[in-house]
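Single-structure report; data block below.
Each reported figure results from applying straightforward, stated rules to the coordinates on display, with no laboratory input. Predicted, not measured: the structure shown is a model, and the values here were computed from it. Cβ: placed from backbone, ideal geometry, glycine included. Neighbour counts: every protein chain shown.
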Amino acid sequence: MRSLRRLFAAMAAGLLLGGNAHAQTIGFIYVGPEKDYGYNTSHDLGRQFVASQFKGVKTLHVENVPETAEVERVMERMVRSGATIIFATSYGYLDYAIALGKKYPKVAFLHAGGLKTSSNVGTYWANSDDAMYLAGMAAGSVTRSGRLGFIAAFPIPQVIRSINAFTLGAQAMNPKATTTVVWTGGWLQPAKEAEATNSLIDSGVDVIGEQVDSPITIAQTAEKRGAYVVGKDVNVARFAPKAYLTGASWNWGPMMARLVTEIKNGTWKPSHVRGDMKDGSVVLDPFGPAVPKAAQQTILERKQAILDGKFVVWAGPMTGQDGKALLAAGKPMDMEMLESMDFFVRGVVGSIK
Amino acid sequence: MDGLDALGAFAISALRSATPLLLVMLGECLTQRTGVINLGVEGQMLVGAMVGYGATAASGNPWLGLAAGCAAGCALPSVHGLLVGGARANQFGSGLSVWMLGFGLSALLGSSLVGRQIAALPEIRIEALDGVPFLGPLVAGLTPTVLIALALVPVVGWWLYRTRTGLHWRATGEVPEAARSAGLSPARIRLNAILVGGLLSGFGGAALAVDYTRTWAEGMSAGRGLVAVGLVIVARWNPWLTLPAALLFGGAEALSLRLQAAGVTVSAHLLHTLPYLASIAVLTLTYVRSRDAGTPAALKAVMDR
Amino acid sequence: MSEASRPRAWVALSQPLVCGGAVLLLCGAFFLAIGREPLSLLWLIAVSAFGDGYALSETLVKTAPILLCALATALPARVGLISVGAEGQLYFGALLGTGFVLMAFELPGYVLLPGMLVTAALAGAAWSAACAGLRAGLGVNETITTLLLNYVAALLVTWVVFGPWKDPLSQGWPATRDFPDAARLPTFFDSRVHLGLWLAIGGALALHVLMRRSRWGLELDVIRSNPRAAQGAGLNFGRHVMITMAIGGALAGIAGIIETSNIQGRLQSNISFGAGFSGFLVAWLARNDFLRIIPLSLLVGALLASGDGLQMLAGVPSSVSLVVQALLFVGVLLVNGWYASRRS
């Protein structure tokens, strides 16, 4: 009876997978809607890039999978459906990828961000912090009140890093700049995002950065109110032509394709792959009209310094929100502190918990 | 911003947060007055939002979008009407099915709409009030849908209590048997009430997407519809009281965001509980004053089954 | 067999079949409308839910908390209350149950496990009793108080995992530390199916028998159907409100801590996949009958468990699963209504 059921299951799966038993199957899992014009869309674009680069590759994709034991179940089903590579594209999937990796040692798991690997689980990420720093410089050069804002979903390390980088960059242009943080409590909450934008602007903020699923609502609201906005994940300049200063956008495709090639060739070793502006995984968006030309020059010079390795964002001297020293002058931040960041730098206003 | 101005800005943000809630509440208030409860308003909001957004994107006319949202919001609950009226289905189950149907269909059909840009409704500018404390920021933040929602409160209130049809609807909810013997058709009145509720919640959703955020995202109403159904009870089924009830909830929501923007370091998660706790507190107070006042009898029968 | 009972037996047998047929028709029509082949998609759902041992075990894993939350809804409904609070009771039970585990971390299993369950049950009962008290004492409508408290409970859990109870070893990720193995219920068949499922089924059967055979069940019936007669007979409405809501809350609280401990392994936001809401739906679809609740919970658990399979293998977005669930309910409601109208 059981084998009959397995037969039917295989028939159904085979029917729908097109019957090519030798096609390589790669799975992609997204924490939000695929078509959110934001974070998840950026990963799905990566998937489409991979699908276009390799012949005979089939991709499976599942959206709206929460960062709970659910994802372990979904990954298991993907493996059972023939996936040999799985891209777990959200931060909270890591522990589950590692646990499942133990059960299926022949499957390669690639997880977005995080500091744990195993024999078949590696992480990949693009350091957007450098780009956020540069975007912060743009914000600092434009603000007249010296008060910046940041709207974000949850205080997880990736978000905290963005906020800190943004603030540090702004302070490079305006040492007195502060960043007020407002948490919306969800990745995709247009009503709260619009309201948070209005609240910040009413309280005197004139440049807003953000890290939510999609920057569209915040950009449009800022444009309407005559404030400025710094974007993330995707370039939304066309939604806010006057308000958009710049932003940090993703370009996952080439990095994903490189990893897939390594795995296919058998040369892949699980590690922490980190892309950045240099290899094009992160893109600093073109400047909007409000950024003064002199500032643009300064920012581009700083960008070159970062690319050349002459300037490091995450290095001392760094002071915490409470005024205590975090890093001595010249000392770089170690990866552990960076990837699990749970503090705000001086100048950030708001609760981290 | 100084004191009065800040108060004005807060007032308008409370109003903005409250507007979608208010619209849904007005509709659900009428529906519940005839003795039907419709938990599906959340789905109707979403369908109204998606269709409204899509229609605005396609036609370039936001007013058309709002109207389309109303129509879509009206169409969906015909399922609820069919199930409850025709098939004598359990109202909670039916309402929840409508919710899921609305959520799923709007997400499915709306995915191609994400990332479009739509034209905005005309701005409301009264230059004379620009520098005036309190009124200046209040009026500056007004949008057409907020005004329409505010205007609808007295309209619905007057209609329910002062017109003949309003009386018929109330009778259907209070004494359905008497209404039937008087020649009314409770079934038809209830269906109409469901459809009107749908129209208003569709409008609420469309207002959210076309006016307030000018975005579409699946599930963007974030549970507001369901809360609105409950807040109708806080308003004691009185359309005049829907405004203060909606303002209470919307104001608490706006407050939790404003407190963060002002640098208050209480955990954001705890701040987000404010609207819910405030509503429960106010509700309890109204019950301390008068137990069980105002529940339409037919609705009670539904609730007590 | 007498004349009267023959049609009744036919109805009892045919009704679920006709329900099933209606649902299949509705889903098939929907799939055609979105341009997909209906039969293969329907088959895929069935296979994703029941196709092999693993799929079946995952369906059962989803069924357990749904069933418990359905019981948490149905019991108060027996006395006429509409409680939508199972979700909040689930979260609050998970919250305090976790607190117990964190405090009693080193204790041996025979203390830790029952202590955790009892704490969660008491927590869920308390969360429910708050609303029950307002209803019994002041007449405050329980539908809205339970609804609003759902959001508060979920926010409290989010607050502790981001703040006071965040595991320092979790690299900044908001979750508590992993629970010790001693805090887990035993599992079966080398899968994630746990004792909680059997507890839930046992609970449903026990409640069914109690409702039919015990004095308590009779009292609840009278209160619901004829409050005035109940008052005359000296039955205390308030007391029964408190008892039914508290027991329901306890069941939901247990569901919460089991999801936290067995399935998740630690407390974090999103501990529930909407089990409370699904449970409410199941209870009302089953018309609060404790026997019908069991297969309906299984059905809804199956639909939820098969969602990702449908996405993965048919390449459809997640909203398609949601519409399928909605059509299940619409179909069942339509057919039930038709049968009810033929009876009268």
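Loop-only check: which chymotrypsin sites (Phe, Trp or Tyr not before Pro) in the range C:152-251 are DSSP coil with at most 16 other Cβ within 10 angstrom? In loop regions of the range C:152-251 (DSSP not H, G, I, E or B), the sparsely surrounded chymotrypsin sites (Phe, Trp or Tyr not before Pro) are C:Phe188, C:Phe189. Springs between Cα atoms under 10 Å define the GNM used for chain A, and in it the highest mean-square fluctuation of A:Ser199, A:Ser249, A:Ser162 occurs at A:Ser199. Averaged over the residues of B:63-74, the number of partner chain Cβ atoms lying within 10 Å of the residue Cβ comes to 0. Loop-located trypsin sites (Lys or Arg not before Pro) in the range C:194-290 (DSSP state not H, G, I, E or B) with no more than 16 neighbouring Cβ atoms inside 10 Å: C:Arg287.
Estimate the FRET efficiency between A:Thr319 and B:Ala151 by the formula 1/(1 + (r/R0)^6), using the beta-carbon distance for r and 60 Å for R0, to the nearest 0.05. For R0 = 60 Å, the calculated efficiency reads 0.65.
Of the Cα atoms belonging to the range C:64-315, the radius of gyration and Dmax stand at 18.4, 63 Å.
The magnitude of the dipole of chain B, with charges of +1 and -1 set on the Cβ of Lys/Arg and Asp/Glu and taken from the Cα centre, is near 940 debye.
If each Cα of chain B is one equal point scatterer, what is log10 of I(q)/I(0) from the Debye formula at q = 0.07, 0.08, 0.15, 0.16 Å⁻¹? So the normalised log intensities work out to -0.27, -0.36, -1.19, -1.32. Does anyone have the angle between helix A:39-53 and the longest principal axis of chain A? Alpha-carbon axes, 0 to 90°, nearest 10? Taking Cα atoms only, the helix is inclined about 50 degrees.
Looking at this model, which pairs from A:Lys116/A:Lys192; A:Lys35/A:Lys192; A:Lys102/A:Lys269; A:Lys35/A:Lys242 are more than 22 angstrom apart at the alpha-carbon? The pairs that break the limit, which is 22 Å between Cα atoms, are A:Lys116/A:Lys192; A:Lys35/A:Lys242. Across peptide C:275-282, the average count of Cβ atoms from other chains found within 10 Å of a residue's Cβ is 2. Look at the dipole of chain C built from charges on Cβ: of C:Pro317, C:Ala94, C:Ile144, the Cα furthest out on the positive end belongs to C:Ile144. Using the Cβ-Cβ distance between C:Leu32 and B:Ser112 with R0 = 22 Å, the FRET efficiency computed as 1/(1 + (r/R0)^6) comes to roughly 0.65. The trypsin sites (Lys or Arg not before Pro) of the range A:264-334 that DSSP puts in a loop, and whose beta carbon has at most 11 other beta carbons within 10 Å, are A:Lys310, A:Lys324. Computed from the alpha carbon positions, the gyration tensor of the range C:86-201 leads to an equivalent ellipsoid with semi-axes of 28, 19, 13 Å, biggest first. Among A:Leu326, A:Leu168, A:Leu110, the residue with the largest mean-square fluctuation in a Gaussian network model of chain A, with springs joining Cα atoms closer than 10 Å, is A:Leu326.
Between helix A:69-80 and chain A there is an angle of about 40 degrees, using the helix long axis and the longest principal axis of the Cα atoms.
Just checking the listed ones, C:Asn270, C:Asn226, C:Asn288: in the Gaussian network model of chain C with Cα springs under 10 Å, the one fluctuating most is C:Asn226. Remark: the range B:81-139 projects, on average over all directions, an area of 8.2 nm² (convex hull of Cα atoms).
Between the helical axis of A:157-173 and the longest alpha-carbon principal axis of chain A there is an angle of about 30 degrees.
Once you have a ≥ b ≥ c as the square roots of the Cα gyration tensor eigenvalues for chain A, tell me rounded if a/c is under 1.5, and otherwise prolate or oblate according to whether a/b is larger than b/c. Prolate shape, in that a/c is at least 1.5 and a/b is the bigger ratio.
When the square roots of the Cα gyration tensor eigenvalues are ordered a ≥ b ≥ c, the ratio a/c for the range A:252-331 is 1.5 or more and a/b does not exceed b/c, which makes its shape oblate. Of the three principal axes defined by the Cα atoms of the protein assembly as shown, the extents in descending order read 93, 78, 56 Å.
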